[in-house]
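The next block holds one structure in the form of structure tokens; read it before the comments.
FYI, it's all coordinate maths here, none of it is from the lab. Here the structure is a predicted model, which is why all the values come from computation and not from measurement. Here the Cβ positions follow ideal geometry from the backbone for every residue, glycine too, while neighbour counts run over all protein chains shown.
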Amino acid sequence: MDRFSILVGDITKSDAQAIVNAANTTLLGGSGVDGAIHRSAGPGLLAECRTLGGCETGRAKLTGGYDLPARYVLHTPGPIWRGGDQGEAALLASCYRSCLELAEARGVETVDFPSISTGVYGYPLAQAAAVALKAIMDFLRDHALPRRVRMVCHTERAAEVYRQTYNMLYAGEKAERL
Ligand code: AR6
């Protein structure tokens, strides 16, 4: 799938039209990628977030990007890992889908995701990668927009887990297309 790629980097530097924020349900900032995005975007972002009334886990809300290179931020609260039998996978898939639906509705062509829920929220990385990749690939298969989606992993180790999971899930598909 040439509309999708996995890379290592700092998502606050992304040149995508929209970046995704692994937020919490208050949408009022926090640590991890949320803190980094708010620091880079400046106070305008928090001011807009205050008007949104929070966001449910698995849903998404859109704001401007303020001082970020990105024009938009898609804020989505991921599930907190509670052992895996509390609906975590369905909620995590819903985060990715909700962001992509919102992006499509706004005509956004390029979206970069961080690895939602795999930091403070404790979702095991390999399991989160499988959910994330399936949600993204399923969406791209059925929709022309966004034209390009990337997973921006913060570390090479995380990117390697995403690459291995991608190869495991989609290597067969590549072979079929040849
Ligand atoms: N660019 C890309 N990825 C990053 C960056 C960055 N600049 N910084 C961290 N990551 P986390 P969560 C990765 O903890 O688990 C906040 O307080 C990081 O390595 O940011 O969804 C919110 O307010 C990890 O793989 O988000 C919530 O309360 C991934 O981003 C809570 O944390 C997600 O880690 C959300 O927890």
#### Entry: Rounded to the nearest 20 debye, dipole of the chain from Cβ charges on Lys, Arg, Asp, Glu
120
#### Entry: Neighbourhood net charge (14 Å Cβ-Cβ; Lys/Arg +1, Asp/Glu -1) for S94
0
### Message
Kirkwood hydrodynamic radius, segment 58-142, all distinct C-alpha pairs: what's the number in Å?
### Response
13.3
### Message
At a 10 angstrom cut-off on C-beta neighbours, averaged per residue, how do the peptides 100-106, 90-96 rank from highest to lowest?
### Response
90-96, 100-106
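How do T76, T110, T26 line up, fewest other C-beta atoms within 10 Å first?
T26, T110, T76
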### Message
For segment 1-97, what does the relative contact order come out to in percent, with C-alpha contacts under 8 Å and a separation of six or more?
### Response
30
### Query
Using every alpha carbon pair in the chain, what percent of pairs falls into each 10 Å bin from 0 up to the bin containing the largest distance?
10, 41, 38, 10, 1, 0
#### Entry: Gained length - D142 relative to M168, 0.36 nm times residue gap less alpha-carbon distance
7.2 nm
### Query
Of T26, P114, A144, which is farthest along the charge dipole of the chain in the positive direction, counting Lys and Arg as +1 and Asp and Glu as -1 at C-beta?
A144
#### Entry: Pair-distance profile P(r), taking every C-alpha pair of segment 1-74, with 5 angstrom steps and integer %
3, 17, 28, 26, 15, 7, 3, 1
